Amino acid sequence: MGGISARNLKMEFGSFVAVRNVSFEVASGEFVTLLGPSGCGKTTLLKMISGFLTPTHGEIHLAGQDVTRTPPEKRDTALCFQSYALFPHLSVLENLEFGLRQKRVAGPERKTRLDAVISALDLSLHLEKLPNQLSGGQQQRVALGRALVMRPSVILFDEPLSNLDAKLRDQVRIEIRRIQRDFGLTAIYVTHDQAEALAMSDRVFVMNGGVIEQADTPETLYGAPKTSFVADFIGSANVLEACVTGTDGNGGVELATSLGPLFAKKTDLQEGRMVKICWRPEHADLEAGGTNRLTARVTHRAFQGHFTDLHLDMDGTDIRIQTNRPGILEGDTVSFSLQPEQIVLLEAVA
């Protein structure tokens, strides 16, 4: 199996630049998700990796081989489409073996590959059915199986779960991850759904405006975002502007914000520097006192099962917290504290 290497990729459509100077490495057997809003360049980047688009500039290497201008059918990749792209007039078995017959894979080897994939995807009871006789989840498994029988070194997913309902999405994404691991595949997965990205990936590349803003593990992206875009796109975050006004004497800095003075654990920022900061709603502690104690009025509440989502107003600044404390109603005043290490300093403000 092989990894993927990209250097200075750029994709222009006339005067529009969809991807600009993107470089990255994906290790063999790694599961990487391209995550971002519509128009961020993630699907364009996937199409360059698969060979359906030739970059305006830059290079792509698969398993050490330059494939920048190699057509899709000659790359050791397989693509799972959002629409499944099954042949409606062929049975499940015929769909599964279509690529193998096109590649003239010998009968015994063809049977070995088909048997392995049919077993792994639990498709044995559906082999004689046509695609329109299958559920959405079953069709997705057939599309995945058709890719897997080709034994690619790299498998690419273009929002494969977007047509499924929420419960089925959870089931199929678990299957995709299991199969990727079992077969040792290198995977690139495109989605705009942060829950999918966090649940499935070894690393996530968060894209915005044609560039990768941050490439990290799901845990690092959530706990230590580097920009306000990443903080706001991955989960929920309260993002504010702040001015560094001094140090707290304990290896941290004092910040002037619209919520009042706050203290954060950071030592290398100069006094007077304007930065953006963030903190996660679940980090608000309604029980403890001490540092960074704030009081605000509840303007909206939403019960979410394992927590209640509270929207607060503090002197004209809207913030959000999550709590398990029962009985808090709209119009109530609540006090909470934030630990300095839970306040993350992001990019400087120009």
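Every number here is computed from the coordinates shown, using simple stated rules; none is lab data. None of the values given here were measured: they were computed from a predicted structure. So basically every Cβ, Gly included, is an ideal-geometry build from the backbone, and we count neighbours across all protein chains shown.
Given the choices (i) 21.9; (ii) 22.9; (iii) 20.9, Kirkwood radius over Cα pairs in Å derived from the coordinates of this structure is entry (ii).
Which whole-number percent is the relative contact order of the chain (Cα, under 8 Å, 6+ apart)? Numbers along the way, then the final one.
Working: 731 pairs, mean separation 54.5, N = 350.
Reported as a whole number, the value is 16 percent.
In a DSSP loop and with at most 15 other Cβ atoms within 10 Å, the chymotrypsin sites (Phe, Trp or Tyr not before Pro) in the stretch 70-109 are Phe81.
Here the Gaussian network model covers the chain, with springs between Cα atoms less than 10 Å apart; of Gly99, Gly290, Gly210, Gly290 fluctuates the most.
For the pair Arg293 and Gln171, a Förster radius of 51 Å applied to the C-beta separation gives a FRET efficiency near 0.70, rounded to the nearest 0.05.
Gain on full extension, evaluated as 0.36 nm per residue between Ser236 and Phe16 minus their Cα-Cα distance, stands at 76.1 nm.
How much net charge surrounds Val298 when only the other residues with a Cβ under 13 Å from the Cβ of Val298 are counted, with Lys and Arg +1 and Asp and Glu -1? Numbers along the way, then the final one.
Numbers: positive: Arg297, Arg301, Arg320, Arg325; negative: Asp309, Asp313, Asp318, Glu330, Asp332.
Here the charged neighbours net out to -1.
Secondary structure note: in the chain, about 75% of the DSSP beta bridges are antiparallel.
Projected label points at Phe87 and Asn8, each 7 Å from Cα along the beta carbon direction, are separated by 4.3 nanometres.
Cross-link reach is defined here as a Cα-Cα straight distance under 14 Å, omitting same-chain residues fewer than 8 places apart; for Lys74 the aspartates and glutamates meeting it are Asp66. Electrostatic tally near Val22: other residues with Cβ closer than 14 Å to its Cβ, Lys and Arg +1, Asp and Glu -1, net +1.
Here each label is just a point 7 Å from Cα along the line to Cβ, and for His306 and Arg178 those points are 2.1 nm apart. GNM on the chain, alpha-carbon springs under 10 angstrom: the most fluctuating residue among Val211, Val105, Val22 is Val105.
Give me the number: length gained by fully extending Glu128 to Phe24, i.e. 0.36 nm times residue separation minus the C-alpha to C-alpha distance, one decimal in nm.
Stretched fully, the Glu128-Phe24 segment lengthens by 33.2 nm.
Springs between alpha-carbon atoms under 10 Å, Gaussian network over the chain: tell me which of Ala187, Ala120, Ala302 tops the mean-square fluctuations. Ranking Ala187, Ala120, Ala302 by mean-square fluctuation puts Ala302 first.
Summarising the label geometry, the points placed 7 Å from Cα in the beta-carbon direction at Leu329 and Ala348 lie 5.0 nm from one another.
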